[in-house]
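The values are calculated or read from the model by the stated rules, or taken from the named source; none is laboratory data. Small disclaimer: the values here were computed from a predicted structure and weren't measured. Because the Cβ atoms are built from the backbone with ideal geometry, glycine has one as well, and the counts that use them run over all protein chains shown. The accessibility values were calculated without ligands, DNA or RNA, using every heavy atom of the protein model including side chains. Shrake-Rupley method; radii C 1.70, N 1.55, O 1.52, S 1.80 Å.
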Amino acid sequence: MRSMRKLFTAIAAAATLAVATPALANSGATKLEHKEWSWQGMFGQYDKAQLRRGFQVYKEICATCHSMNLVRYRNLMDIGLSEDDVKALAAANEVQDGFDDTGAPKMRAGLPADKLHAPFPNEKAARAANGGALPPDLSLMNKARKSGPDYVYTLLTSYEDPMPEDFHLMDGMNYNPAFPGHQIAMPQMIFDEGVTFADGAPNKKENITADVVAFLNWTAEPELDTRKGMGLKVMIFLAVMTALFYALKRQIWSRIDH
Amino acid sequence: MSAPSNNKVVKWVDDRLPIFTMMKHSAIDYPTPKNLNYWWNFGSLAGLMLVIMILTGLFLAMNYVPHTSMAFDSVERIMRDVNYGWLLRYLHANGASMFFILVYIHIFRGLYYGSYKAPREVLWWLGLVIYLLMMATGFLGYVLPWGQMSFWGATVITNLFSAFPLVGEHIVTWLWGGFSVDNPTLNRFFPLHFVLPFVILGVVVVHVWALHSVKSNNPLGIDMKTPQDSIPFHPYYTIKDLFGIGLFLMFYLAFVFWAPNFFGEPDNYIPANPMVTPPHIVPEWYYLPFYAILRSVPDKLGGVLLMFGAILILFVLPWLDTSKVRSCKFRPIYKWFTILFLVNAFVLGYIGAQPAEGTMLLVGQICTVWYFLHLLVLTPVIGWLEKPKPLPESISSPVVKKSGEAV
């Protein structure tokens, strides 16, 4: 009983610390902007060109700090990269693969089956390079937050919002009203013309952000296009089948008084 | 007993093991009240859902790794690299919610039409046992992906047992297989989650056995008396069940294909981390009414006892209900209290998802009191005081009259 109470107290305390402490003076809710995404709705699908632009943004900006451990180079062929491009991208980094005959770690060029090259070898290294903060893996980010795509988009575009005068910003933190507690270790990384797209797509910071959010949604739900496509076929099948069952039911039940 | 077919092979087998006779007896000829409405579809739907859960679960288990360092990634491998693994997992995860929706409707149908009353008490008990086993299985399964909610949900729920005096701490250590939720916990939850559905299947068989012995209740709540009151299960209820299955599959698969994470918590896509507590720990939606009862009591042991009591009390419902009339159709007062009981359960569910403080806590306490007041006081008292409407003479008489009017 006592330990139960202790546990609840601990959970409540941890929750308060996690959510409330950085905010202190600021009890306001977090900001969330609702956007229209191409993959929403019954017929929604990814825009492959946008996913490729988003991958470029991830590679040039996000990947300096964030890993993408659940995505493999070969997966990029699904968004339209050629096999040669994928091989070249993978080969740009060396990976350790077993040991040579003397027992020394053996290095080889990356292969399409390898996961996307992570910026840091381990959590300690990542924290050491980022003032103690750990840049989270982005593979599932869009599924791991409420209203994932809108949340990530709002977060990445809210750095320039004016900070309330009485707001107490801690050392090394950045003001961002979309983040719980309104301050975040990650600085603003996306600026107008921060990335130049080969297809000449607009590259204001809003465009760049939308593209990378689309890419992050694909890394979180790579099956989405297949899923929705299959769903339509299954529903049409079921609708016809159910209608036939209903007709048959009426016909069979008409034999008796009921 | 004669074989249900002139086929020689069928006859030969049936003379040695009367399996065809049994099937004909209990799935074809089985006399069923002719007036069952669509609320009677949910039992067979729940049975179908159990089969879907066992089948999808079997194939998921072939690809899942019950180790704290690999469980999360093995689930993501299922989602990404196993052929149609995403479909299996979304069918299974949403299937759990569907199973509870179906069973809750099935239970409420039993409450409304008095299906728990004599001679169906044992049938009702077996149903409650299935429900309890489902709660345990659902909890165990939610732990397996080893996300943040898995880990912290497991921590909070297993800790409930520590409320019991003397043995509490030992029970918790025994459940964990150590001194915190860790690899031994995950290692035992996986085989338990795998085997319990087969226990459920066994109890379902006995549940159906009991049903076939006492026969189905019906919306009028009166017994079948003459052959005119019943119709053979096949083809009348086989086709009606198939139609229901079609409608249900459309509802179920709409979630699977277009909102597969509707019933899930985003936090469970973050790998379990014992060092970071999520800001708001909530159990799966189907436990929420009982979670609200638990939290409405300031004393932990009291809360735990009340929570378990809320389900256990349903076992004596057949004797708490003093009315001779089964169906609420003929109970003008109790009908509204039964509906209010349902509304109360919804409110409790809503409260269970909110932080337990201020008004929410108070509303939760009022609803908890009402839950027990309804079962322990109102149900017996209304049974004594209420004057039920006159019952029809037989199942077929109002049916025949109604169809006569329509002509």
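General remarks:
- In region B:290-328, residue farthest from residue B:389 (Cα to Cα) [restricted to those that are under 17 Å from the mean Cα position of the chain (by Cα) and open to solvent by 30 Å² or more (accessible area, probe 1.4 Å)]: B:308
- If you go through region A:143-182 and pick out every residue that is closer than 21 Å to residue B:265 by Cβ and in contact with a Phe, Trp or Tyr (Cβ under 8 Å, 6 or more places away or on another chain), you end up with 6.
- Summed over region B:252-282, residues that are in contact (Cβ under 8 Å) with a residue 40 or more places away in the chain, more than 8 Å from chain A (Cβ to nearest Cβ), open to solvent by 30 Å² or more (accessible area, probe 1.4 Å) and of a type in the set (A, V, I, L, M, F, W, C) total 3.
- Check on residue A:215, at pLDDT 95 or above and away from chain B (no Cβ under 14 Å): yes
- Selected residue (criterion: surrounded by the fewest Cβ atoms within 10 Å (Cβ to Cβ)) from residues of region A:49-101 that are under 18 Å from residue A:152 (Cα atoms) and small (Gly, Ala, Ser): A:63
- Near pairs, Cβ below 6 angstrom, 6+ apart or cross-chain, from region A:162-183 (within 14 Å of another protein chain (Cβ to nearest Cβ)) to any residue that is hydroxyl-bearing (Ser, Thr, Tyr): A:180/A:30
- Here the helices (runs of 4 or more DSSP H) wholly within region B:98-215 that include at least 2 residues being within 14 Å of chain A (Cβ to nearest Cβ) are B:148-159, B:168-176.
- Out of A:120, A:99, one residue alone is without any contact (Cβ under 8 Å) to a residue 40 or more places away in the chain and among the aromatic types (Phe, Trp, Tyr). It is A:99.
- The one condition from (1) within 14 Å of chain A (Cβ to nearest Cβ); (2) open to solvent by less than 40 Å² (accessible area, probe 1.4 Å); (3) touching a strand residue (DSSP E or B) at 6+ places or on another chain (Cβ under 7 Å); (4) under 15 Å from residue B:44 (Cα atoms) that residue B:240 does not meet is (3).
- Odd one out for residue A:191 among (1) exposed (fewer than 15 other Cβ atoms within 10 Å of the Cβ); (2) within 14 Å of chain B (Cβ to nearest Cβ); (3) under 23 Å from residue A:56 (Cα atoms); (4) not small (Gly, Ala, Ser): (2)
- Pairs linking a residue in region B:338-364 that is without any contact (Cβ under 8 Å) to a residue 12 or more places away in the chain and in the same structural domain as residue B:381 (by TED's automatic domain parsing) to a residue that is open to solvent by less than 50 Å² (accessible area, probe 1.4 Å) and in a loop (DSSP other than H, G, I, E, B), with Cβ atoms under 8 Å and 6 or more positions apart or on different chains, are B:360/B:354.
- Residue check, residue B:140 under 28 Å from residue B:58 (Cα atoms), in contact with a His (Cβ under 6 Å, 6 or more places away or on another chain) and assigned by TED's automatic domain parsing to the domain that holds residue B:55: yes
- Subset tally (residues that are open to solvent by less than 70 Å² (accessible area, probe 1.4 Å) and under 14 Å from residue B:212 (Cβ atoms)) for region B:29-64: 7
- Evaluating residue B:35 against the criteria (1) within 22 Å of residue B:327 (Cα to Cα); (2) assigned to a helix (DSSP H, G or I) leaves one unmet condition, (2).
- Screening residue A:132 against (1) part of a loop (DSSP other than H, G, I, E, B); (2) surrounded by 13 or more Cβ atoms within 10 Å (Cβ to Cβ) leaves a single unmet condition, (2).
- Of all residues in region B:374-407, those satisfying the criterion of being at pLDDT 95 or above and in a helix (DSSP H, G or I) are B:374, B:375, B:376, B:377, B:378, B:379, B:380, B:381, B:382, B:383, B:384, B:385.
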